[in-house]
Amino acid sequence: MIQKHSPLSLGTESIGKLLAQYAIPAIVAMTASSLYNITDSVFIGHGVGALAISGLALTFPVMNLAAAFGSLVGAGASALMSMRLGQKDYDTANKVLGNVFVLNIIMGLAFTGIMLVFLKPILYFFGASEATLPYAYDYLQVILYGNVVTHMYMGLNALLRSSGRPQKAMYATICSVILNLGLTPLFIYVFGWGIKGSAWATVLSQLLMLIWQITIFSNKKNFIHLKKGVFRLEKKIVLDSFAIGLSPFFMNAASSVIIIVINQALSRHGGDLAVGAYGIVNRVVFLFAMVVLGLNQGMQPIAGYNFGAQHYDRVDKVLRTTILYATGIMIFGFIIGQFFPFSVASVFTTDVQLTEHAVKGLRIVMIFFPIIGFQMVTGNFFQSIGQAKKAIFLSLTRQMIFLLPCLLIFPSIWGVKGVWFSLPTADLASSLVAGWLLSKQLKQFKRSKQTKSCDEVGI
């Protein structure tokens, strides 16, 4: 009999039931995670000011770079654990857990130390002005102090999902958001800490949930748990995790480069408030993207397990189902961006100029939303089945081959509008490439299924 929290059900339960079981908690968690950032922006916009939102937008490249190193460990290890569980290699799966602990501590501390030393010149390079630098610096200082906590928190959440406990991961994220919602206004309005208050609220809420996650993984009754000997770094586990995690790493690293270019272009052509508008647009786009990422996280253990077990028909089915749902989500986002942009922008600020910039940005950036859900699922799918090169190629294609040239050319022609139009142009082009790669992969699955059927009947 399959245990209640055993990952073995990934190979036997219906795909629809499994996707609901894994994706819904992940969607709730990722949506909550997005609301984390949105509420921070809302409290900062209304409690500190419009320039503070611009300062917050300048922190995005550093946050993305930190996420890049975190995903190198967390996302890679999560996919690796799913595949090892599919292969019934439980000893390695437990070692993956221990290695995540050690790697996150090492990489988190190294990143924090380097960034703190060069923080001010980095922010100036990112497009900070004398007016916005203090806000960005104060916020990032605190966030970097808690960088190890953030890495560990995100990494363990990914492993909770991969080890058959998606609800626990969801609870951790929701509780973190609730804590943040309570602490942020307290620190900003009552204690008068300004933008630093928002950062401290984020770090403290994640720290409390990290402690809870560690208690879960310390329980020996659980299928995957911490035990003696799993903390020793093993070269193969580290290299395999890094190989799979390179896709989200490059995606986040490329995003950092892109955001730097965007902020510089907006600052040059539209000033500090244009940068702040991007901060608002980014938060809204991020909300819908995180819902799709939640779907992807629900798909990942199902796809990874069944690929490892060579159940290619189940891999195909979970992929198609995920694409269908992702497309529906992004169509809803398209409707919001085209018909209700003023209402959305007004949530973040009462500044008239900032609102006008944000409305224009939302309408343009979200033009091709109905097709990019498919592109996002495809990239994550390749990562889930261990085909890191294809996932990396898709990530870099959108960011560096399509988006970066547009950002270097369009603003010189159309100014601020050129920055906004660069984003949907890259979305369209990268979706076409994703479709081509996916069609080739599905044909390969079809051939593999036919070969397996022939082998089973002795042909």
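Checking Val261, Val257, Val238 one by one, the residue that is under 13 Å from Val100 (Cβ atoms) and in contact (Cβ under 8 Å) with a residue 60 or more places away in the chain is Val238 and no other. If we scan region 310-318, do we find a residue that is more than 22 Å from the chain's Cα centre (by Cα) and on the phi > 0 side of the Ramachandran plot? Yes, region 310-318 contains a residue that is more than 22 Å from the chain's Cα centre (by Cα) and on the phi > 0 side of the Ramachandran plot. Within the option set Ser218, Ser162, being within 26 Å of Leu10 (Cα to Cα) and either under 20 Å from the mean Cα position of the chain (by Cα) or buried (at least 16 other Cβ atoms within 10 Å of the Cβ) (or both) holds for one residue only, Ser162.
Matching residues to (1) buried (at least 24 other Cβ atoms within 10 Å of the Cβ); (2) within 30 Å of Phe126 (Cβ to Cβ); (3) free of Cβ contacts under 8 Å to residues at least 60 places away in the same chain:
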site	(1), (2), (3)
Tyr22	yes, no, no
Val28	no, no, no
Phe69	no, yes, no
Ala75	yes, yes, no
Ala79	yes, no, no
Lys95	no, no, no
Ala110	no, yes, yes
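Checked against the criteria, Ile38 does not count as among the hydrophobic types (A, V, I, L, M, F, W, C), surrounded by 22 or more Cβ atoms within 10 Å (Cβ to Cβ) and in contact (Cβ under 8 Å) with a residue 24 or more places away in the chain.
Which residue is modelled with the highest pLDDT, if the candidates are limited to region 267-276 and must be among the small types (Gly, Ala, Ser) and more than 8 Å from Ile53 (Cα to Cα)? So the residue we want is Ala274.
Does Val96 satisfy being modelled with pLDDT under 85 and not charged (D, E, K, R)? Considered against the rule, which asks whether it is modelled with pLDDT under 85 and not charged (D, E, K, R), Val96 comes out as yes. Among the residues of region 153-170, those identified as within 19 Å of Ala93 (Cα to Cα), outside any loop (DSSP other than H, G, I, E, B), in contact (Cβ under 8 Å) with a residue 60 or more places away in the chain and not charged (D, E, K, R) are Tyr153, Met154, Gly155, Leu156, Asn157, Ala158, Leu159, Ser162, Pro166, Ala169.
For region 319-346, the set of residues classified as aliphatic (A, V, I, L, M) and closer than 25 Å to Ala26 by Cβ consists of Leu319, Ile323, Leu324, Ala326, Ile329, Met330, Ile331, Ile335, Ile336, Val344, listed by residue number. Out of Tyr137, Tyr90, Tyr145, Tyr124, one residue alone is in contact with a helix residue (DSSP H, G or I) (Cβ under 8 Å, 6 or more places away or on another chain), surrounded by fewer than 23 Cβ atoms within 10 Å (Cβ to Cβ), closer than 17 Å to Ser218 by Cα and among the hydroxyl-bearing types (Ser, Thr, Tyr). It is Tyr90.
Yes or no: region 323-334 includes at least one residue that is surrounded by fewer than 24 Cβ atoms within 10 Å (Cβ to Cβ), in contact (Cβ under 8 Å) with a residue 60 or more places away in the chain, of a type outside the set (Asp, Glu) and touching a Leu at 6+ places or on another chain (Cβ under 8 Å). The answer is yes, given that some residue of region 323-334 is surrounded by fewer than 24 Cβ atoms within 10 Å (Cβ to Cβ), in contact (Cβ under 8 Å) with a residue 60 or more places away in the chain, of a type outside the set (Asp, Glu) and touching a Leu at 6+ places or on another chain (Cβ under 8 Å). If the condition is being under 25 Å from Ala67 (Cβ atoms) and surrounded by fewer than 16 Cβ atoms within 10 Å (Cβ to Cβ), then region 223-233 contributes Phe231, Leu233. Close Cβ contacts (under 9 Å, 6 or more residues apart or on different chains) running from residues in region 396-416 that are under 13 Å from Met251 (Cα atoms) and assigned to a helix (DSSP H, G or I) to residues that are at pLDDT below 95 and of a type in the set (Asp, Glu) comprise Arg398/Asp427; Leu403/Asp427.
Among the candidates Met115, Met152, Met170, which residue alone is closer than 21 Å to Asn263 by Cβ, aliphatic (A, V, I, L, M) and either surrounded by fewer than 19 Cβ atoms within 10 Å (Cβ to Cβ) or modelled with pLDDT under 95 (or both)?
Checking each option against the conditions leaves just Met115.
Could you say whether any residue in region 372-388 is over 30 Å from Gln87 (Cβ atoms), surrounded by 21 or more Cβ atoms within 10 Å (Cβ to Cβ) and either in contact with a helix residue (DSSP H, G or I) (Cβ under 9 Å, 6 or more places away or on another chain) or of a type in the set (Gly, Ala, Ser) (or both)? There is at least one residue in region 372-388 that is over 30 Å from Gln87 (Cβ atoms), surrounded by 21 or more Cβ atoms within 10 Å (Cβ to Cβ) and either in contact with a helix residue (DSSP H, G or I) (Cβ under 9 Å, 6 or more places away or on another chain) or of a type in the set (Gly, Ala, Ser) (or both). Counting only residues that are in a helix (DSSP H, G or I) and under 23 Å from Ser71 (Cβ atoms), region 125-135 holds 0 of them.
State yes or no: is Asn104 closer than 21 Å to Pro166 by Cβ, assigned to a helix (DSSP H, G or I) and modelled with pLDDT of 85 or more? Yes; evaluated as a whole, the condition is true for this residue.
Condition test on Ser431, is it at pLDDT 90 or above and under 23 Å from the mean Cα position of the chain (by Cα)?
Criteria met by Ser431.
Just wondering, is there one or more residues in region 365-378 that are hydroxyl-bearing (Ser, Thr, Tyr) and either over 27 Å from Ala79 (Cβ atoms) or in contact with a Pro (Cβ under 6 Å, 6 or more places away or on another chain) (or both)? Quick ask: steps written out before the conclusion?
Kept after step one, since they are hydroxyl-bearing (Ser, Thr, Tyr), are these residues of region 365-378: 378.
Next cut, either over 27 Å from Ala79 (Cβ atoms) or in contact with a Pro (Cβ under 6 Å, 6 or more places away or on another chain) (or both) only: none.
There is no residue in region 365-378 that is hydroxyl-bearing (Ser, Thr, Tyr) and either over 27 Å from Ala79 (Cβ atoms) or in contact with a Pro (Cβ under 6 Å, 6 or more places away or on another chain) (or both).
The values are calculated or read from the model by the stated rules, or taken from the named source; none is laboratory data. In this text, all values refer to a predicted model and were calculated from it rather than measured experimentally. Positions of Cβ are backbone-derived with ideal geometry, glycine not excepted, and every protein chain shown enters the neighbour counts.
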